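Taken together, the values in this text are just the output of simple stated rules run on the coordinates, not laboratory data. Being a predicted model, the structure only gives us computed values, none of them experimental. Counting neighbours? That spans all protein chains shown, and the Cβs are built from the backbone with ideal geometry, glycine included.
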Amino acid sequence: MRKFEDYKKECLKDPEFKKGYEELKPEMAIVRAIISARNDSHLTQKELSEKTGINQADISKIENGTRNPSIKLLQRLADGMDMVLNISFTPKKDLDQST
């Protein structure tokens with residue numbers, strides 16, 4: 001049985017696939033960060049919804065990547081999890097050296 005990482009490595013050899021994958025990386029990083037922060041806060045989507053006033057279905061859409069949150073919405077989510085929202089720009093050369 002092939003591992004996912006092996007499959008991904010093979011797919012990334014295709015320039016068109018790699019381009020699409022790279023374009024989605026920032027969105028997927030946000031999704032992973034939201035899910036991780038919510039889990040670290042020991043909150044369900046429903047509980048986070050109740051704390052923020054954001055519909056649980058909308059939180060689900062954000063977490064499954066079918067809705068892109070605004071900065072204002074990200075701030076509401078952070079507040080609901082008693083966290084600080086940080087957004088940063090990192091030089092690509094710094095990322096290349098860490099991989």
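For a protection proxy built on the mean count of beta-carbon atoms within 10 angstrom, sort 49-59, 19-29 highest first, please.
The densest-packed peptide leads the list: 49-59, 19-29.
Under a plain spin-label model, where a point goes 7 Å from the Cα along Cα-to-Cβ, how far apart in nm are Asp14 and Ser70?
Label at Asp14, label at Ser70, 3.7 nm between them.
Within 12 Å, Cβ to Cβ, of Ile59, how many net charges do the neighbouring residues add up to if Lys/Arg are +1 and Asp/Glu are -1?
With Lys, Arg at +1 and Asp, Glu at -1, the net is +2.
Summing -39500 (n - 2.57) over the DSSP H runs of n ≥ 4 in the chain and dividing by its residue number, what mean residue ellipticity at 222 nm do you reach, to the nearest 500 deg cm²/dmol?
-20500 deg cm²/dmol
Using only the Cα atoms of the chain, what do you get for the radius of gyration and for Dmax, in Å?
Just the Cα atoms of the chain yield Rg and Dmax of 16.2, 44 Å.
If r is the Cβ-Cβ distance from Lys3 to Glu23 and R0 is 35 Å, what FRET efficiency results, to the nearest 0.05?
That gives a FRET efficiency of 0.90.
In whole percent, what relative contact order does the chain give with Cα contacts below 8 Å and a gap of six or more residues?
Relative contact order comes out at 20 percent.
Excluding residues fewer than 8 places away in the same chain, name every one of the aspartates and glutamates whose C-alpha is closer than 12 Å to that of Lys51.
Correct list for Lys51: Asp79, Asp82.
Counting only Cα, what are the radius of gyration and maximum Cα-Cα distance Dmax of region 9-56, in Å?
Radius of gyration, then largest Cα-Cα span, for region 9-56: 15.8, 44 Å.
So how tilted is helix 71-80 from the main axis of the chain? Cα-based, degrees 0 to 90, rounded to 10.
Tilt of helix 71-80: around 60 degrees.
State which entries of Lys19/Lys93; Lys18/Lys72; Lys72/Lys92; Lys61/Lys93; Lys25/Lys72; Lys19/Lys72 exceed 23 angstrom in Cα-Cα distance in the structure shown.
Checking Cα-Cα distances, Lys18/Lys72; Lys72/Lys92; Lys61/Lys93; Lys19/Lys72 exceed 23 Å.
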